[in-house]
1. In the set 246, 277, 251, 287, which member is open to solvent by 40 Å² or more (accessible area, probe 1.4 Å), part of a strand (DSSP E or B), out of contact with any Asp or Glu (no Cβ under 7 Å at 6 or more places or on another chain) and not polar (S, T, N, Q)?
2. Within the range 188-196, is even one residue assigned to a strand (DSSP E or B) and closer than 26 Å to residue 61 by Cβ?
3. Go through the range 77-102 and give me each residue that's open to solvent by 60 Å² or more (accessible area, probe 1.4 Å) and either assigned to a strand (DSSP E or B) or without any contact (Cβ under 8 Å) to a residue 12 or more places away in the chain (or both).
4. Being in contact (Cβ under 8 Å) with a residue 12 or more places away in the chain, part of a loop (DSSP other than H, G, I, E, B) and open to solvent by 60 Å² or more (accessible area, probe 1.4 Å) is the filter here; which residues of the range 9-62 pass it?
5. Inside the range 119-139, can you point out the residues that are open to solvent by less than 60 Å² (accessible area, probe 1.4 Å) and either in contact with an Asp or Glu (Cβ under 6 Å, 6 or more places away or on another chain) or of a type in the set (Ser, Thr, Tyr) (or both)?
6. Looking for whichever is in contact with a Gly (Cβ under 8 Å, 6 or more places away or on another chain) and surrounded by 19 or more Cβ atoms within 10 Å (Cβ to Cβ) here; the options are 116, 142. Which one fits?
7. Identify, from the list 74, 105, 153, 65, the residue that is among the small types (Gly, Ala, Ser), closer than 21 Å to residue 184 by Cα, out of contact with any Gly (no Cβ under 9 Å at 6 or more places or on another chain) and open to solvent by less than 50 Å² (accessible area, probe 1.4 Å).
8. Consider residue 159 carefully, then state whether it is touching a helix residue (DSSP H, G or I) at 6+ places or on another chain (Cβ under 9 Å), outside any helix (DSSP H, G or I) and either over 30 Å from residue 81 (Cα atoms) or open to solvent by less than 30 Å² (accessible area, probe 1.4 Å) (or both).
Amino acid sequence: MSTQLQQISTGLADVVAQTSPYIVRVEGRRRVPASGFVWSAEGHIITAHHVLRRQDGIQIGLDDGRRVNATLIGRDPTTDLALLQADEGDWTPLPTAAPDSLRVGQLVLALARPGRTVQATLGLLSAVAGSWRTRAGGLIDRYLQTDVLMYPGFSGGPLVNALGEVVGLNTSGLAQGVSLSLPVDTITRVVTALQAHGRIQRGYLGVSTQQVKLPAGVVDATGQKSGLLIVGLEPDTPAAEGGLLVGDIIVSLAGDPIKHHDDLLASLSSDRVGQEVEIGLVRGGVVAAEGVVIGARD
């Protein structure tokens, strides 16, 4: 038994040593630095959005002790991802795991470089499920929960499997009280958008709204007590072209309940730009629906 444990221990240490050159320190805020890792041979570094408190003056600490400057290409607060471009270096990206290879119970390592050397903590994939949305409206392609303990400076570092392949990006910015990782498929999609536009598009309706209580009959029909009353409607906007009217009360968008302003903002996510969605509303005391093509906010 001791031999088997020694083999596991040696194997985990080998994974840390193997991945260490690709894990960087990200100095983008005061006091505690964060972590990141090499994403492309062109020197793209990914890290967590919430650890970058400044737009410029960002530096990257490398495995050999050098520090190089990095430029912020773009960030997406809704998925807590930021993309950097390192100024110089010979870059090799970490390999990524196939998303469909993830299974509950797999050993994973959270790796980071908040200081000079790499740090690691061991855990399990405790939950793997379908897509979900963050409170800010970001679409996360799959739910990855671990029992990994996130130490200060670990946000932005990689979560890797026993082969040293990236499973996700560790971040404390997606939820409180639970260890979640941003999966590789979401990273790939968001990075592609940031490279193309420097930002993530947000959906746009063209309405001004005010939260209101719903009448008792509508509460029974919708299962919610409040909605958003349209008090202003801009001309030639998706809402106007989709048939929404001043006085309508929005109660849902694409099946998601709309009770507060934050609900509407979260539902107007980038993946819905250009898509026709059904907006549930109350018009003249009657529950109805209109199909609206979501626009893009400039």
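The values are calculated or read from the model by the stated rules, or taken from the named source; none is laboratory data. Here the structure is a predicted model, which means the values were calculated and not measured. All Cβ positions, glycine included, derive from the backbone under ideal geometry; neighbour counts span all protein chains shown. For the accessible areas, the whole protein counts, side chains as well, though only heavy atoms, and no ligand, DNA or RNA atoms are used. Shrake-Rupley method; radii C 1.70, N 1.55, O 1.52, S 1.80 Å.
1. Selected residue: 287, the only one of 246, 277, 251, 287 that is open to solvent by 40 Å² or more (accessible area, probe 1.4 Å), part of a strand (DSSP E or B), out of contact with any Asp or Glu (no Cβ under 7 Å at 6 or more places or on another chain) and not polar (S, T, N, Q).
2. Checked the range 188-196: no residue is assigned to a strand (DSSP E or B) and closer than 26 Å to residue 61 by Cβ.
3. Hits for the range 77-102 are 90, 96, 100.
4. Passing the criteria: 30, 32, 41, 42, 53, 54, 55, 56.
5. Residues satisfying the conditions are 121, 123, 126, 134, 139.
6. From the options 116, 142, the qualifying one is 142.
7. 105
8. no
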